[in-house]
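Taking it in order: structure first as structure tokens, then the write-up.
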Amino acid sequence: MTRYTLNPAMPVLLRPDGAVQVGWDPRRAVLVRPPAGLSSAALAELLRILQSGATLADLQARFEVDASELVGSLVDAGVATAAERRRTRCASIRIHGRGPLSDLLAGALRCSGARVTHSRVAQAAPPETTDLVVLSDFLVADPRVVRELHTARVA
């Protein structure tokens, strides 16, 4: 299965006109308009997920939209690459928290090659494929969250 990766060095920026910009440089940046059934915020999230790599099936399951044309356009524009799926599994990291620290951590870890997800709800039970959970933005972690993580053998 082919895995698509958006260049992690190119930031994903929401624009006031509803488009999403990939990259800083106005000469090389790519403007992406949301396809039908996808908001600009959801498109930005999809593109940020692509920075750590995803298959078309992953994107369709998460966003319930056919992203093949969008991803094909990104590959044609040179901001995304297609590669056959590696046999090794990359690390899966979940950042748990809502605030500036968790946003910075998620942004920084997207460039690491790990699969990064971000959760903000009080329930923190991660999927079985999660390797690491980072609790952030609170001085003391919620004991229920810690208990759930220990039960799932993640923390």
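What follows is calculated from the coordinates using simple rules that are stated; it is not laboratory data. Since this is a predicted model, take the numbers as computed values, not measurements. Note: ideal-geometry Cβ built from the backbone for every residue, glycine included; neighbour counts use all protein chains shown.
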What distance in nm separates the simple spin-label points at E69 and A91, each placed 7 Å from Cα in the Cβ direction? 3.9 nm
Rounding to the nearest 20 debye, state how big the charge dipole of the stretch 92-151 is about its Cα centre with +1 on each Lys and Arg Cβ and -1 on each Asp and Glu Cβ. 80 debye
About the Cα centre of the chain, what is the dipole size in debye to 20, counting +1 per Lys and Arg Cβ and -1 per Asp and Glu Cβ, all else neutral? 360 debye
Alpha-carbon gyration tensor eigenvalues x 5, square-rooted, for the chain, Å: 29, 18, 14
Normalised contact order of the stretch 2-84, rounded percent, pairs of Cα under 8 Å and 6 or more residues apart: 39 percent
Give the angle, between 0 and 90 degrees and rounded to the nearest 10, that separates the Cα long axis of helix 40-51 from the longest principal axis of the Cα atoms of the chain. 80 degrees
